[in-house]
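Engineer: Handing you this structure, nothing more for now.
The values are calculated or read from the model by the stated rules, or taken from the named source; none is laboratory data. Just so we're clear, the structure is a prediction, and the values are computed from it rather than from any experiment. Note that each Cβ is placed from the backbone with ideal geometry, even for glycine, and that neighbours are counted across all protein chains shown. The area values use the complete protein model at the heavy-atom level, side chains included, leaving out ligands, DNA and RNA. Shrake-Rupley method; radii C 1.70, N 1.55, O 1.52, S 1.80 Å.
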Amino acid sequence: MKEAIPSPYSAGSAEPRVSSLELFFDLVFVFTITQLTSLLAREATVTGLLQTLLIFGNVWWMYGGYAWLTNAVPPRELGIRLLLLVGMSGFLMIALAIPTAFGAGGVAFGVGYMIVTLVHTGVFMRTSQQSVIQALTVLGPSNLFTAGLLLAAGFTNGGLRWALFAVAFVLHWVTPYFGRTGMFRIRVGHFVERHGLILLIAIGESVVAVGIGLGTAALPAGRIITALLGLALAASLWWLYFNGDEERAQQAMERAPEERRPWLAVQGFGYIFLPLLGGIILVAAGMKLGVVGYDEPATVATALFLAGGVGVYAIGLVLFRWLFHSGALTVRVVIAVLAIPTALIGIALTPLAQVAALVAILVGGAVVESAMTNRPATR
């Protein structure tokens, strides 16, 4: 008789793993990032950048909230799985509305956001953890209030819509400080893995952006080289996080007192993931624009998106390591500093030259960091 294989959330499993439903759910995030990248590439101005920031900040709060949700309420039951699929439909509606969230798509964005929030709060209430139920007495009403602000924004115009998006953004990200965050109980292995997968999906989207940017354009050798360098750039971003930082963060959380873990979770995988994911969106928008005009001087927006994206991502990694005390900071600070002047290369020469310079900086930083890590200790 064959031995039964425990499910990811079975009682016999020492640490729950990310389920296939959660992976399916996170695939919607690919489309969300794609839409944010398209918005920024189409509206490559300060206005477009601010719109992207406000939309992303609000969406990431609730998307991260679903990682907390399935960490506390594993999707074993049919009812929970069906509700998560409803939440997924809400996120799809949000993603579809992103390019016009500050225009005709404002109502659809708000409705999708309200669906996502209602499902999130409703499923959370099914947990058996009394401490989580108590935390929801603050978190639930706060989320519903901000969802109401975003829904109301869809029926407004101009400055008022901007103000409602900004207020919702701020309220979301100050909630941990007046809520009862410390009452959550984090399953560390599942939590870290889930966020790693979300980051991996976002990095993969930067590769997708290259293909979307090309469309049906001709493929001379220079454009192919630019696209391949874009892949190398994405791979370098992947390497910097997944070459040990994820494991060391998990170990740091497991060593921390249980009441401290929720704060590490919200700071490391909430606040600090804002620049990590935001940097990827900037890089993806820069690649989407740069691969088209690969052999001409880059526009200021394209050059700044590429340079700023890598710089912001590197700063996010510095903050991540600082929070978890998980490694040296110097090389990553240097990467962030060196990335910014590459904008001048793009503007003076071509996006191809700038991307090549960024890849050289990232690969060089990874090699130096690896050498420092593997250096034998002196007596």
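Engineer: Are any of the residues in the range 246-253 in a helix (DSSP H, G or I), touching a Lys or Arg at 6+ places or on another chain (Cβ under 6 Å), open to solvent by less than 40 Å² (accessible area, probe 1.4 Å) and farther than 29 Å from Gly311 by Cα? Show your work before the answer.
Structural biologist: Just the residues of the range 246-253 that are in a helix (DSSP H, G or I), to begin with: 246-253.
Keeping just the survivors that are touching a Lys or Arg at 6+ places or on another chain (Cβ under 6 Å) gives 253.
Add one more test, that the residue is open to solvent by less than 40 Å² (accessible area, probe 1.4 Å), and what stays is 253.
Right, trim to farther than 29 Å from Gly311 by Cα and you get none.
Within the range 246-253, not a single residue is in a helix (DSSP H, G or I), touching a Lys or Arg at 6+ places or on another chain (Cβ under 6 Å), open to solvent by less than 40 Å² (accessible area, probe 1.4 Å) and farther than 29 Å from Gly311 by Cα.
Engineer: Tell me, which residue of the range 16-69 that is in contact with a helix residue (DSSP H, G or I) (Cβ under 6 Å, 6 or more places away or on another chain) and not in a helix (DSSP H, G or I) is farthest from Val300 (Cα to Cα)?
Structural biologist: Taking the candidates together, the pick is Pro16.
Engineer: What is the residue count in the range 99-128 for residues that are over 28 Å from Pro75 (Cα atoms) and of a type outside the set (Ser, Thr, Tyr)? Talk me through it step by step, then tell me what you get.
Structural biologist: Step one: of the range 99-128, the residues over 28 Å from Pro75 (Cα atoms) are 99-107.
Add one more test, that the residue is of a type outside the set (Ser, Thr, Tyr), and what stays is 99, 101-107.
Matching residues across the range 99-128 total 8.
Engineer: Here is a check on your reading of the model: is Trp238 in a helix (DSSP H, G or I), open to solvent by 20 Å² or more (accessible area, probe 1.4 Å) and within 30 Å of Leu349 (Cβ to Cβ)?
Structural biologist: Numbers: in a helix (DSSP H, G or I): yes; open to solvent by 20 Å² or more (accessible area, probe 1.4 Å): yes; within 30 Å of Leu349 (Cβ to Cβ): yes.
Yes, satisfied.
Engineer: State all residues of the range 75-85 that are surrounded by 21 or more Cβ atoms within 10 Å (Cβ to Cβ) and either small (Gly, Ala, Ser) or in contact with a Pro (Cβ under 8 Å, 6 or more places away or on another chain) (or both); if no residue qualifies, say none. Write out each step before concluding.
Structural biologist: Start the filter on the range 75-85 by keeping residues that are surrounded by 21 or more Cβ atoms within 10 Å (Cβ to Cβ), which leaves 75, 84.
Hit for the range 75-85 is Leu84, nothing else.
Engineer: Now, a different point. Please give the helices (runs of 4 or more DSSP H) falling wholly within the range 263-379 in which 3 or more residues are open to solvent by 20 Å² or more (accessible area, probe 1.4 Å) and touching a residue at least 40 places away in the same chain (Cβ under 8 Å). Give the derivation first.
Structural biologist: Values: elements: 273-290, 300-324, 330-339, 342-348, 351-374.
Filter on the range 263-379 gives 273-290, 300-324, 342-348, 351-374.
Engineer: Quick check on Tyr313: is it hydroxyl-bearing (Ser, Thr, Tyr), out of contact with any strand residue (DSSP E or B) (no Cβ under 8 Å at 6 or more places or on another chain) and over 19 Å from Thr52 (Cα atoms)? Explain how you work it out, then say what you get.
Structural biologist: Working: hydroxyl-bearing (Ser, Thr, Tyr): yes; out of contact with any strand residue (DSSP E or B) (no Cβ under 8 Å at 6 or more places or on another chain): yes; over 19 Å from Thr52 (Cα atoms): no.
So Tyr313 does not fit the description; no.
Every residue, every condition in (1) open to solvent by 20 Å² or more (accessible area, probe 1.4 Å); (2) under 21 Å from Val107 (Cα atoms); (3) of a type outside the set (Ser, Thr, Tyr); (4) modelled with pLDDT of 95 or more, yes or no:
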position: Tyr9; (1), (2), (3), (4): no, no, no, no
position: Ser13; (1), (2), (3), (4): yes, no, no, no
position: Ser19; (1), (2), (3), (4): no, no, no, no
position: Leu23; (1), (2), (3), (4): yes, no, yes, no
position: Val30; (1), (2), (3), (4): yes, no, yes, no
position: Ile33; (1), (2), (3), (4): no, yes, yes, no
position: Ser38; (1), (2), (3), (4): yes, yes, no, no
position: Leu50; (1), (2), (3), (4): yes, yes, yes, yes
position: Phe56; (1), (2), (3), (4): no, yes, yes, yes
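Engineer: Of all residues being more than 12 Å from Gly110 (Cα to Cα) and free of Cβ contacts under 8 Å to residues at least 60 places away in the same chain in the range 150-170, which is surrounded by the most Cβ atoms within 10 Å (Cβ to Cβ)? Just the residue, please.
Structural biologist: Start the filter on the range 150-170 by keeping residues that are more than 12 Å from Gly110 (Cα to Cα), which leaves 157-160, 162-163, 166-167, 169-170.
With free of Cβ contacts under 8 Å to residues at least 60 places away in the same chain added as a condition, the list becomes 157-160, 163, 167, 170.
On the way: Asn157: 11, Gly158: 8, Gly159: 8, Leu160: 12, Ala163: 13, Val167: 15, Val170: 12.
Among those that are more than 12 Å from Gly110 (Cα to Cα) and free of Cβ contacts under 8 Å to residues at least 60 places away in the same chain, it is Val167.
Engineer: Among the residues of the range 178-207, how many are hydroxyl-bearing (Ser, Thr, Tyr) and open to solvent by less than 10 Å² (accessible area, probe 1.4 Å)? Don't jump to the end; show me each part of the working.
Structural biologist: Quick first cut of the range 178-207, residues hydroxyl-bearing (Ser, Thr, Tyr) only: 181, 206.
Subsequent filtering for residues that are open to solvent by less than 10 Å² (accessible area, probe 1.4 Å) retains 206.
Result for the range 178-207: 1.
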